[in-house]
Structures are given as structure tokens and as C-alpha cells.
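Here's the structure we're looking at; comments come further down.
The values are calculated or read from the model by the stated rules, or taken from the named source; none is laboratory data. The model shown is predicted, which means the values in this text are computed figures rather than measured ones. Ideal geometry is used to build each Cβ from the backbone, glycine not excepted, and the neighbour counts take in all protein chains shown.
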Amino acid sequence: MVCLSGPRNDNFYIMSKDYYKILGVDKNASQDEIRKAFQKMAHQYHPDKQGGDEVKFKEANEAYQVLGNEQKRKQYDQFGADFEQQGGFGGGMGWEDFMRAARSGGFENGNFSFNFGGNDFGDMFGDIFGFSSRGGQGRGGRGRGRDIEVDVELDFKEAAFGVEKELNLRKKTTCDVCNGSGAEPGSKMEKCSSCGGHGQVVQNQRTIFGTIQQAVVCSDCHGQGQKPSSKCKHCGGDGVITKNNTFQVKIPAGINDGESIRLSGYGEAAAYNGMSGDLYVRIHIKKNKYFSRDGYEIFTDCEINFPQAVMGDKVEIETLDGMEKIVIPAGIESGQLIRLKGKGIPYLRQKGRGDHYIKIKIKVPKNISRDLKKKLEELKNDL
């Protein structure tokens with residue numbers, strides 16, 4: 001929320017949102033906890049899902065853009081402290097300073113900085129004064145295609161070593177007849193009569209500050225300054241069509257459950273040669289009956305009998321690389337871990353692997369013969 005009071009050169013204050021509260025994490029939360037909290041909210045509130053909430057999705061994304069970045073998080077924490085102590089941006093920032101800040105997407109003042117990118121402040125003032133903090137065109141410009149989120153299920157080893165998956169999506173894509181121009185092949189492009197070829201028109205807008213002239217993108221030519229003499233019959237002049245798309249996605253080795261892969265430009269195409277959206281591939285890993293995972297470490301259970309525990313032995317166990325013999329040292333106890341170094345999950349986009357830990361479980365027989373019971377009694381007395 002932006003609060004403006006008094007004449008134009010009076011100080012103003014920006015009340016920061018509680019990003020920690022939005023994501024439901026503690027202020028001392030680790031980056032991994034913040035990432036997981038965001039992924040959970042993004043999956044729950046994505047506007048393209050049934051029951052999604054665009055406002056909450058946007059708030060979560062805004063919070064993660066700050067808290068998920070160590071430097072921005074530090075600035076955010078510092079800003080909060082400065083605001084409480086100084087009652088604002090100490091030193092006094094005037095109206096002109098604010099307008100320059102909104103145009104550039106942020107500001108620095110004293111010991112802290114604030115960035116408008118990724119939230120609504122720059123866009124709000126861009127709508128009023130005819131600029132955009134995102135470097136693009138203001139309201140009414142050529143749009144951006146919709147982002148798409150898909151879920152992909154992998155088995156344990158596919159996630160560990162990476163795999164290539166085929167995706168089949170029905171989505172808006174660039175028209176393959178006019179290549180997105182919206183023009184019928186062979187037709188000419190003519191200067192737009194509504195904007196005179198400039199791609200923008202001037203509108204008067206009433207605001208709390210009075211009537212302001214605003215340059216907006218021409219709605220007739222969609223900012224291109226020209227229009228086709230004949231619209232493409234295949235797409236109706238929009239430059240996009242809806243069709244099935246099949247393509248391969250490479251899943252990197254070491255990816256974890258709940259993580260997402262962003263494929264820039266693989267979302268839906270935008271009309272009138274706008275920017276395509278992104279595709280988010282969210283990973284789900286099936287449970288494995290042998291292995292469990294914690295980060296890059298994996299764990300398995302190995303059941304041995306009492307004589308093996310006392311005397312030691314060699315047993316064969318399953319690893320990610322196949323069956324392998326391991327040595328059970330004499331006198332091992334139940335619950336003890338045996339470590340196989342470098343036999344765990346490959347590090348994501350890095351060299352090396354985690355470790356494989358084998359948890360020993362000593363099997364105790366429930367029914368024993370008289371002879372065995374007698375021998376155990378003798379053994380008990382000897383121990």
C-alpha cells in the first residue's frame with residue numbers, strides 16, 4: 001500500500017507487506033524451507049487450477065521473489081528495521097524522487113533499497129502516468145502468453161539419474177500459416193489509421209491528481225503501427241491457433257520431489273506477436289520399496305540374523321547401480337548405519353554424488369527348537 005499525504009514534496013511512506021507471514025514461514029527460515037513453502041502455495045493457488053486464487057498466487061510469488069533471494073531478503077529485513085526506527089525512509093524522499101524510482105523500478109536511499117519489480121507499484125503508477133517499471137509498454141500493450149504448469153511423475157531411479165520425457169499439450173501456439181503476423185499470405189501491411197503508424201494513441205485520464213494525458217498502445221493495431229489488408233483465415237488475424245504440441249523435456253539428474261523445471265517460452269503463445277508464456281514442469285517421484293531419500297542421501301534397510309551380527313558376514317544388497325556385496329562387521333548392533341560413499345543421488349547440475357546409508361536390522365526368531373534354546377542359554381551364560 002502506498003500512502004501519499006500533503007503537498008507533492010512532502011515525505012511519503014511505503015508500508016511493506018509481511019512476506020514471511022504470506023509464505024507461512026518463520027523469519028529465521030532457511031532458503032530450502034522458503035522454497036518449499038512457495039512451491040506448496042504456488043501449486044495450491046495457481047490461477048489455472050480449479051479452485052485457484054490469482055491474488056494469493058501473486059502474493060506468494062511476490063514474497064518468494066524477495067525472500068528467495070539472499071540479497072533482496074537482507075534488504076527487506078533491513079528496510080523493516082529502518083522503517084520502525086525512522087518512521088519512513090529517513091532523510092525524506094520527495095515526490096520527484098518517488099517518480100524516478102517508479103520509472104526505474106526501485107530506489108536506494110541511505111542504508112537500504114527497495115525494488116518495484118515484480119509487484120504492482122510500478123505498474124499502478126505506469127497506468128496513471130504512461131510508463132511501465134517493467135521496461136515494456138503500459139496498459140493495453142501486446143500481451144504475454146499464459147504460463148502453463150504440468151505434473152510429471154518419475155520413478156526413483158529416473159529422478160536420480162535424469163531422464164527424457166515426452167509431453168503432449170494442447171495449447172495456443174503461433175499460427176503456422178502467417179507466422180504470428182495475423183496477415184493472410186500475399187496481403188500487404190498498411191499503416192494503421194487510428195494511430196498514424198505510431199502504435200500509440202494519446203488519451204485523457206482523470207486521476208486524483210487531475211486530468212492527465214496518457215500515451216497508450218493502439219488497440220486497433222495492437223502497438224504494431226500497421227495492419228494487414230487481409231486477415232489470416234487460418235487464425236482469424238490473431239496470429240495464434242490452438243493445437244496439440246508434442247515435445248521432449250530433459251529432466252536433470254538429482255531433481256527432487258516437488259521441484260519444478262521452467263522452460264522459457266514453452267507456455268502459450270500470445271496474440272499479435274506478443275511474448276510467449278513459460279512452461280513449468282512440476283516433478284513428483286514415486287515411492288520406492290527399497291530406497292528412501294533425504295536430499296542427496298539414500299537409505300535402505302538390511303536384515304541380518306543374530307549369528308551374522310555376532311560373527312560378521314558378507315551380504316548382497318541393492319544399490320542404485322545394481323546389486324553389490326557389503327561387509328557386515330562382527331559385533332554390529334541393530335540400527336547401526338553402514339555408509340557407501342558416493343553411491344547416493346547425483347548432485348543436481350554438479351559433479352559428484354551423495355552417500356548410500358544401510359541401516360542394520362537384526363532379526364530375532366520367534367519360534368526356536370529346544371536344542372537351539374539350550375545353546376542360546378549356554379551362550380547367554382558365556383557372555
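Does the range 234-251 contain any residue that is closer than 30 Å to K351 by Cα and surrounded by 14 or more Cβ atoms within 10 Å (Cβ to Cβ)?
Yes, the conditions are met somewhere in the range 234-251.
Quickly run through the range 217-234 and pick out the residues that are at negative phi and under 32 Å from the mean Cα position of the chain (by Cα).
V217
Given the range 274-383, what strands (runs of 3 or more DSSP E) lie entirely inside it while holding 1 or more residues that are aromatic (F, W, Y) and not assigned by TED's automatic domain parsing to the domain that holds T173?
Correct list: 297-305, 356-363.
Given the conditions (1) at pLDDT 90 or above; (2) more than 18 Å from G197 (Cα to Cα), report the number of the one that Q213 does not fulfil.
With respect to (1) at pLDDT 90 or above; (2) more than 18 Å from G197 (Cα to Cα), Q213 is out only on (1).
Only one residue in F38, F79, F114 is modelled with pLDDT under 80, in a helix (DSSP H, G or I) and either among the hydrophobic types (A, V, I, L, M, F, W, C) or more than 21 Å from the chain's Cα centre (by Cα) (or both). Which one?
F79
State yes or no: is G223 within 30 Å of D32 (Cβ to Cβ) and assigned to a loop (DSSP other than H, G, I, E, B)?
For G223, the condition - within 30 Å of D32 (Cβ to Cβ) and assigned to a loop (DSSP other than H, G, I, E, B) - is not met.
Kindly indicate whether S133 is modelled with pLDDT under 50, more than 30 Å from T242 (Cβ to Cβ) and among the polar types (S, T, N, Q).
So S133 fits the description; yes.
State which residue is farthest from I251 (Cα to Cα) when the search covers only the range 345-383 and only residues that are in contact (Cβ under 8 Å) with a residue 60 or more places away in the chain and hydrophobic (A, V, I, L, M, F, W, C).
I345
It is to be established whether one or more residues within the range 201-217 are assigned by TED's automatic domain parsing to the domain that holds I283, part of a strand (DSSP E or B) and in contact (Cβ under 8 Å) with a residue 60 or more places away in the chain.
Checking the range 201-217: not a single residue is assigned by TED's automatic domain parsing to the domain that holds I283, part of a strand (DSSP E or B) and in contact (Cβ under 8 Å) with a residue 60 or more places away in the chain.
Only residues in the range 265-283 that are at positive phi count as the first member; pair them with residues that are in a strand (DSSP E or B), Cβ under 9 angstrom, at least 6 apart or cross-chain, and list the lot.
G265/M275; G265/L279; Y272/V240; N273/T174
Just a yes or no: is a residue in the range 180-199 under 30 Å from L154 (Cβ atoms), hydroxyl-bearing (S, T, Y) and either surrounded by 19 or more Cβ atoms within 10 Å (Cβ to Cβ) or in the same structural domain as K157 (by TED's automatic domain parsing) (or both)?
no
Determine which single condition I148 fails, assuming it passes every other condition in (1) under 18 Å from G277 (Cα atoms); (2) surrounded by fewer than 18 Cβ atoms within 10 Å (Cβ to Cβ).
(2)
Within the bounds of the range 47-70, is there any residue that is at pLDDT 80 or above, over 12 Å from the mean Cα position of the chain (by Cα), part of a helix (DSSP H, G or I) and under 19 Å from H284 (Cα atoms)?
no
Condition first: crowded, with 16+ Cβ neighbours inside 10 Å and more than 9 Å from C192 (Cβ to Cβ). Now tell me which residues in the range 223-233 satisfy that.
G223, P228, K231, C232 - these are the residues of the range 223-233 that are crowded, with 16+ Cβ neighbours inside 10 Å and more than 9 Å from C192 (Cβ to Cβ).
Counting only residues that are over 28 Å from L263 (Cα atoms), in contact with a Gly (Cβ under 8 Å, 6 or more places away or on another chain) and of a type in the set (G, A, S), which one in the range 277-332 is surrounded by the most Cβ atoms within 10 Å (Cβ to Cβ)?
Result: A309.
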